[in-house]
1. Just to be sure I understand the filter: pairs with C-beta atoms under 6 Å, separated by 6 or more residues or on different chains, first member in the range 34-56 and within 23 Å of I131 (Cα to Cα), second member in a loop (DSSP other than H, G, I, E, B) and of a type in the set (K, R). Which pairs pass?
2. Determine whether A117 is modelled with pLDDT under 95, more than 19 Å from L66 (Cβ to Cβ) and out of contact with any strand residue (DSSP E or B) (no Cβ under 7 Å at 6 or more places or on another chain).
3. Please go through the range 116-168 and give me each residue that is outside any loop (DSSP other than H, G, I, E, B), without any contact (Cβ under 8 Å) to a residue 40 or more places away in the chain, among the polar types (S, T, N, Q) and within 24 Å of L91 (Cβ to Cβ), ordered by number.
4. Checking F253 against (1) crowded, with 21+ Cβ neighbours inside 10 Å; (2) in a loop (DSSP other than H, G, I, E, B), which test does it fail?
5. Determine whether L260 is surrounded by fewer than 21 Cβ atoms within 10 Å (Cβ to Cβ) and in contact (Cβ under 8 Å) with a residue 60 or more places away in the chain.
6. Which of (1) within 30 Å of P234 (Cβ to Cβ); (2) small (G, A, S); (3) modelled with pLDDT of 95 or more does S20 not meet, given it meets every other one?
7. Please specify each residue of the range 215-274 satisfying the condition of being small (G, A, S), closer than 30 Å to L53 by Cα and in contact with a strand residue (DSSP E or B) (Cβ under 7 Å, 6 or more places away or on another chain).
8. Go through the residues of the range 171-181 one by one and say whether even a single one is touching a Leu at 6+ places or on another chain (Cβ under 8 Å) and among the acidic types (D, E).
Amino acid sequence: MKKNEVLRAWAGILAGRMPSLSIEITKECPLRCPGCYAFDAAHLGGQTQLRDLSDFRGDALVTRVLALIDQHKPLHVSLVGGDPLVRYRELDSLLPRIESRGVHTQVVTSAFREIPAAWMALKKLNVVVSIDGLQPEHDARRKPATYDRVLKNIKGARVTIHCTITSQIAGRPGYLDEFLGFWCSQPEVAKVWFSIFTPQRGANDPEILTKSQRTAVIGDLQQLQLKYRALDMPESVIREFESPPRNPEECIFARTTRILSADMLTPITPCQFGGDPDCERCGCIASMGLAAVGHHRVVGRLTAGRIFMASDDLGRKWKHLRHRFSRTDRKHPVASPFRIIEH
């Protein structure tokens with residue numbers, strides 16, 4: 001976050017708003033990727049699953065997404081799924097209208113479908129393409145969004161490549177270097193991000209890294225960010241993987257992001273993983289990035305994170321107080337201090 005964006009985020013928190021909004025705009029996806037958190041049984045708390053929800057299309061989808069943005073007034077919105085490109089026609093209408101509101105937008109996709117060239121004219125848009133390792137592993141996990149298809153569909157676009165590091169990737173020396181060597185050489189790739197696979201608490205997914213693998217990956221990333229300019233992960237961010245926020249209350253990303261599922265009503269908590277994520281093994285690049293911002297010292301020993309947390313606490317209390325007095329105001333108009341201030 002840039003300085004002015006941080007100040008706007010603080011102001012938003014104090015007003016009871018969320019700096020970031022994430023919406024699963026569709027439950028549909030042509031892929032069946034192993035380890036996908038969106039379709040994990042725990043994602044929506046175990047009571048229902050993403051594919052069981054209703055979702056929207058056409059004008060109804062566009063109207064509802066814009067209404068949520070107008071309601072929450074975020075600085076940044078992520079459109080995820082499923083795969084958002086299932087609703088590419090709706091995105092053609094949505095993206096310019098979101099940008100006209102001054103909101104930064106991120107679309108996260110497998111690039112199973114061509115990214116429209118017209119989107120590249122949008123200055124506040126970031127298209128993130130998920131890649132699961134080198135071609136043999138990726139093609140096996142993400143068919144039909146194979147390497148050949150992805151390369152064809154990003155032609156002429158400007159994208160960020162995101163790869164989640166799994167145990168299988170971490171177990172091969174030189175793997176990340178080879179991955180970066182390939183994708184950083186593609187003219188369409190502006191940036192590359194890595195996350196580390198984040199499990200649910202108590203899970204035993206084969207993708208989970210061992211402690212030694214995690215340590216080795218962190219060391220590799222520290223070296224590789226010096227070698228590849230497109231690896232958009234400063235040393236300060238990479239260090240956060242060593243000691244992630246221990247719980248959602250300590251995670252700036254979880255506390256400042258509102259996440260809704262495909263019915264536009266079901267909240268996903270405590271973060272985009274839903275369920276009960278194992279925070280001490282978190283590898284989310286968004287969480288690590290904001291944690292790095294939080295550890296930045298503003299004055300003396302005062303960090304940006306302490307200011308964020310204090311602002312968030314104050315914003316929640318203020319929102320609760322406003323709600324309480326507004327209810328009193330409806331019953332006893334004269335008794336409300338807000339009524340007095342208005343006059």
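1. L50/K27; R51/K27
2. It is true that A117 is modelled with pLDDT under 95, more than 19 Å from L66 (Cβ to Cβ) and out of contact with any strand residue (DSSP E or B) (no Cβ under 7 Å at 6 or more places or on another chain).
3. Selection gives N126, S130.
4. The one condition F253 does not meet is (2).
5. Numbers: surrounded by fewer than 21 Cβ atoms within 10 Å (Cβ to Cβ): yes; in contact (Cβ under 8 Å) with a residue 60 or more places away in the chain: yes.
Yes: the conditions hold for L260.
6. Only one criterion in (1) within 30 Å of P234 (Cβ to Cβ); (2) small (G, A, S); (3) modelled with pLDDT of 95 or more is unmet by S20, namely (3).
7. Matches in the range 215-274: S261, A262.
8. yes
The values are calculated or read from the model by the stated rules, or taken from the named source; none is laboratory data. From a predicted model like this one, the values you see are computed outputs, not experimental measurements. Note that each Cβ is placed from the backbone with ideal geometry, even for glycine, and that neighbours are counted across all protein chains shown.
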